[in-house]
Amino acid sequence: MSATNALPTLIDPFGRRIDYLRVSITDRCDLRCTYCLPKGFKGYEEPAHWLRPPELLRLLGLFVRSGVAKVRLTGGEPLLRGGLTGLVRGIAALPGLRDLSLSSNGTQLARLAAELRDAGLQRLNISLDTLDRRCFARITGRDALDSVLSGLQAAQAVGFNPIKLNMVVQPGVNLDEVESVLAFAMTHGHVLRLIEPMPMGSTGQAVAAPDLSALGQRLAQQHGLLPCVMGQGSGPARYWAGPDGRASLGVITPMSQHFCAACNRVRLGVDGTLYLCLGQNDRVPLGPMLRAGASDAELLQALHAGIAAKPERHVFQEQPQHVMRFMAQTGG
Ligand code: SAM
């Protein structure tokens, strides 16, 4: 479906067209990954501040009419948000939206995969840092690997294909498990994406980032994989595919080789705060404005002013303590 009542598109001062929005629909999570959320974390926002589905749909409608064609739901753990299926159905029906995806830790997927698929969710990314039960518990604080693997199986069974597995690689923790997770991904037809940890909040800042470019190349060579483009390109990952052309390995290297020049995205926090860059603090309070009674014209004006101030790039390397928000607050 094409966008009705199309509005001026979102192009930043560096000529980057913003057509991708990541939306955090909860800042809560049932895991406590060491590099993501601090121990004892209860949430950043009062749930009363969280945008309700009709408010979210109103904001997303404005984004989509402004040329945003891809939306990813994230968090926190989005599967913990009540009413998720109805929300997915509402977003999937926005005229002009081409791609609706979701990032999950997988613990609740066995229960929800079928209804999410039925509601119009098109693609799934699932976090999987290890296949070792003890290591999983050490990283996430919970012995929940089995539920994640059942969730993954259920998602594949209802037709999510391919599923991208996101593995945050930490030296001394799970670096030596990359091979086994890749073998698992290749056997099951998933795409494994290795991710360099980013210094977001005190948790992310406590982790050393390995350079994954060289590791990706070595693994690709070892498995006879060749560089390829996945989907419509322009994402942050660099991919390799097997002889059938299907991608099976990717690396996301925000630290060793950033990809800001091709950035096409912004993020909406659970309270409707628009974050213009993962690695900067610039933001626009769209949600609070909406709650205070702003008109669509006023929201659009604030949105365009924000895009006009989108930072050129993150400064994770130069200023590792610049961003004190945790990943789950921005919507990873
Ligand atoms: N709970 C969902 C999930 O597990 O995908 C969505 C939210 S989670 C914040 C999104 C992704 O961000 C996960 O793959 C997680 O591993 C990653 N992540 C969290 N903190 C990170 C950090 N400091 N650096 C890099 N990736 C991080």
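Annotations
- All of Val169, Val191, Val158, Val178 fail the test of being within 17 Å of the chain's Cα centre (by Cα) and away from the ligand (no atom under 13 Å from the Cβ), apart from Val191.
- There is at least one residue in region 116-128 that is more than 19 Å from the chain's Cα centre (by Cα) and closer than 18 Å to Arg98 by Cα.
- Enumerated helices (runs of 4 or more DSSP H) restricted to region 125-238, each holding at least 1 residues that are open to solvent by 50 Å² or more (accessible area, probe 1.4 Å), over 21 Å from Gly332 (Cα atoms) and in contact with a helix residue (DSSP H, G or I) (Cβ under 9 Å, 6 or more places away or on another chain): 133-140, 145-157, 178-188, 212-222
- Matching option when the condition is open to solvent by 10 Å² or more (accessible area, probe 1.4 Å), under 24 Å from Ser295 (Cβ atoms) and either free of Cβ contacts under 8 Å to residues at least 60 places away in the same chain or more than 16 Å from the ligand (Cβ to nearest atom) (or both), among Leu97, Leu80, Leu59: Leu97
- Count of region 124-137 residues, restricted to those that are touching a residue at least 40 places away in the same chain (Cβ under 8 Å) and within 16 Å of the ligand (Cβ to nearest atom), is 9.
- You will find that of Pro311, Pro288, the residue that is open to solvent by 60 Å² or more (accessible area, probe 1.4 Å) and either at pLDDT below 90 or of a type outside the set (Phe, Trp, Tyr) (or both) is Pro288 and no other.
- Taken across region 325-332, residues that are surrounded by 15 or more Cβ atoms within 10 Å (Cβ to Cβ), β-branched (Val, Ile, Thr) and closer than 29 Å to Val169 by Cα do occur, with at least one present.
- Leu276 being of a type outside the set (Gly, Ala, Ser), open to solvent by less than 50 Å² (accessible area, probe 1.4 Å), under 22 Å from Gln205 (Cβ atoms) and more than 16 Å from the ligand (Cβ to nearest atom): yes
- Among (1) within 16 Å of the ligand (Cβ to nearest atom); (2) open to solvent by 60 Å² or more (accessible area, probe 1.4 Å) - the single one Cys33 does not satisfy: (2)
- Taken across region 68-77, residues that are open to solvent by 30 Å² or more (accessible area, probe 1.4 Å), away from the ligand (no atom under 15 Å from the Cβ), outside any loop (DSSP other than H, G, I, E, B) and closer than 20 Å to Ser295 by Cα do not occur at all.
- Scanning region 146-171 for residues that are of a type in the set (Phe, Trp, Tyr) and free of Cβ contacts under 8 Å to residues at least 40 places away in the same chain yields no hits at all.
The values are calculated or read from the model by the stated rules, or taken from the named source; none is laboratory data. None of the values given here were measured: they were computed from a predicted structure. Using ideal geometry, Cβ is built from the backbone for each residue, glycine included, and neighbour counts are taken over all protein chains shown. For accessibility, only protein heavy atoms count, side chains too; no ligands or nucleic acids. Shrake-Rupley method; radii C 1.70, N 1.55, O 1.52, S 1.80 Å.
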